[in-house]
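Trainee: Structure incoming, see below.
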Amino acid sequence: MNIYAGSKKTKWDIGMAETVFHIRGAIVVTDDLSLPVKTTRRMWVNGIEIFPEQAGVVRPFYECNFEWGELGQNASYTTALSICLAIFKSERLAENLFVCFKEEFVQNFPDGNFELVLEITRFLNKHNNRLHPDLYSRFCFSAITSSREILLYKNPKTGLITANLAENYAMHRETMPNIKLRKLNERKQRLLFRLFAKDNYLITGYEFTEVMSRAEDLMTRFYWRSVEKIITSQIEDKYEE
């Protein structure tokens with residue numbers, strides 16, 4: 001059973017008073033001739049300026065500045081998290097949704113200055129599984145994903161925390177728009193990780209620090225095993241030539 005599957009019956013009552021938000025992004029260039037040219041990206045949500053430091057408190061692992069658009073890099077996650085914190089007024093809900101928000105909105109923002117209106121009802125319906133009250137998102141240094149976020153489920157009755165690393169490794173959201181191809185690839189990735197981890201792909205415990213420590217250890221070993229296979233394959237190909 002996929003513990004991360006959404007449920008129409010069990011859903012976080014986020015009680016949002018509004019679902020339409022005005023987002024503005026601006027690229028500011030210093031014009032002081034006595035200083036080196038410096039470019040700063042700034043953002044506003046409903047006319048109120050937000051700052052990357054707000055996201056940095058929650059996720060200090062990403063760059064502490066704003067980026068957006070198709071060419072946005074690591075700091076695009078900072079942008080997404082900062083906006084989600086402003087919109088949802090909940091740190092945990094923002095944690096659960098910001099990666100999806102980055103992939104669906106932030107990377108599609110115009111590269112330069114922009115102003116736009118976001119209506120997020122469709123977004124919330126689409127990512128209904130992220131509204132599960134017992135779902136948590138945590139940063140995993142060793143996760144082989146661009147965001148390095150993994151999902152954990154906490155059983156409300158027993159308090160047992162579970163991280164399905166095979167499922168986390170297989171997740172491909174908007175990065176692969178062809179749904180049929182994405183599902184096929186997810187299945188292959190899931191089986192690959194299970195083959196590596198055997199029965200250890202499910203990490204359980206009663207403390208988040210304990211579960212994340214064990215998840216980091218397993219993901220680190222999987223990463224280096226993957227690197228080893230790539231190097232071995234390259235060497236074999238070279239000798240075959």
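Trainee: List the number of the failed condition for Arg138; all other conditions in (1) modelled with pLDDT under 90; (2) touching a helix residue (DSSP H, G or I) at 6+ places or on another chain (Cβ under 8 Å); (3) closer than 17 Å to Arg214 by Cβ hold.
Mentor: (1)
Trainee: Among (1) part of a helix (DSSP H, G or I); (2) surrounded by fewer than 14 Cβ atoms within 10 Å (Cβ to Cβ), there is one condition Glu49 misses while meeting the rest; what is its number?
Mentor: Result: Glu49 passes all but (1).
Trainee: If you go through the stretch 63-101, how many residues are charged (D, E, K, R) and assigned to a helix (DSSP H, G or I)?
Mentor: Residues in the stretch 63-101 being charged (D, E, K, R) and assigned to a helix (DSSP H, G or I): 3 in total.
To keep it simple, each residue is scored yes or no on (1) buried (at least 20 other Cβ atoms within 10 Å of the Cβ); (2) within 19 Å of Phe109 (Cα to Cα); (3) not assigned by TED's automatic domain parsing to the domain that holds Tyr136.
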residue	(1), (2), (3)
Glu53	no, no, yes
Gly56	no, no, yes
Pro60	no, no, yes
Phe66	yes, yes, yes
Leu71	no, yes, yes
Thr78	yes, yes, yes
Leu85	yes, yes, yes
Phe88	yes, no, yes
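Trainee: Just the residues that are surrounded by fewer than 14 Cβ atoms within 10 Å (Cβ to Cβ) and either of a type in the set (A, V, I, L, M) or in contact with a strand residue (DSSP E or B) (Cβ under 9 Å, 6 or more places away or on another chain) (or both), please, taken from the stretch 122-163.
Mentor: Once the filter is applied, which keeps residues that are surrounded by fewer than 14 Cβ atoms within 10 Å (Cβ to Cβ) and either of a type in the set (A, V, I, L, M) or in contact with a strand residue (DSSP E or B) (Cβ under 9 Å, 6 or more places away or on another chain) (or both), the stretch 122-163 yields Asn155, Leu160.
Trainee: Go through the stretch 99-124 and give me each residue that's within 21 Å of Gly15 (Cβ to Cβ) and touching a residue at least 40 places away in the same chain (Cβ under 8 Å).
Mentor: Cys100, Leu118, Glu119, Ile120, Thr121, Leu124, listed by residue number.
Trainee: Do the conditions hold for Arg24, that is, is it free of Cβ contacts under 8 Å to residues at least 40 places away in the same chain and either farther than 21 Å from Ile150 by Cα or part of a strand (DSSP E or B) (or both)?
Mentor: On the way: free of Cβ contacts under 8 Å to residues at least 40 places away in the same chain: no; either farther than 21 Å from Ile150 by Cα or part of a strand (DSSP E or B) (or both): yes.
Judged against the criteria, Arg24 is not a match.
Trainee: Further question on the same structure: For the stretch 1-57, how many residues meet the condition of being among the charged types (D, E, K, R) and either within 24 Å of the chain's Cα centre (by Cα) or modelled with pLDDT of 85 or more (or both)? Give the derivation first.
Mentor: Here is the first cut: in the stretch 1-57, the residues among the charged types (D, E, K, R) are 8-9, 11, 13, 18, 24, 31-32, 38, 41-42, 49, 53.
Adding the requirement that they be either within 24 Å of the chain's Cα centre (by Cα) or modelled with pLDDT of 85 or more (or both) leaves 8, 11, 13, 18, 24, 41-42, 49, 53.
Matching residues across the stretch 1-57 total 9.
Trainee: Can you spot a residue in the stretch 27-42 that is surrounded by 13 or more Cβ atoms within 10 Å (Cβ to Cβ) and without any contact (Cβ under 8 Å) to a residue 40 or more places away in the chain?
Mentor: Checked against the condition, which is being surrounded by 13 or more Cβ atoms within 10 Å (Cβ to Cβ) and without any contact (Cβ under 8 Å) to a residue 40 or more places away in the chain, the stretch 27-42 yields at least one hit.
Yes/no per residue for (1) at positive phi; (2) among the charged types (D, E, K, R); (3) touching a residue at least 24 places away in the same chain (Cβ under 8 Å):
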residue: Gly47; (1), (2), (3): yes, no, yes
residue: Ile50; (1), (2), (3): no, no, yes
residue: Asn65; (1), (2), (3): no, no, yes
residue: Gln73; (1), (2), (3): no, no, no
residue: Ala86; (1), (2), (3): no, no, yes
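Trainee: Restrict the check to the stretch 107-129 and report whether at least one residue is part of a strand (DSSP E or B) and more than 25 Å from Thr19 (Cα to Cα). Quick ask: steps written out before the conclusion?
Mentor: Our first condition is that a residue be part of a strand (DSSP E or B); within the stretch 107-129, this holds for 114-119.
Checking which are more than 25 Å from Thr19 (Cα to Cα) leaves us with none.
The answer is no; no qualifying residue exists.
The values are calculated or read from the model by the stated rules, or taken from the named source; none is laboratory data. Values in this document were obtained by computation on a predicted structure and should not be read as measured data. Every residue, glycine as well, gets a Cβ built from its backbone with ideal geometry; the counts of neighbours run over all protein chains shown.
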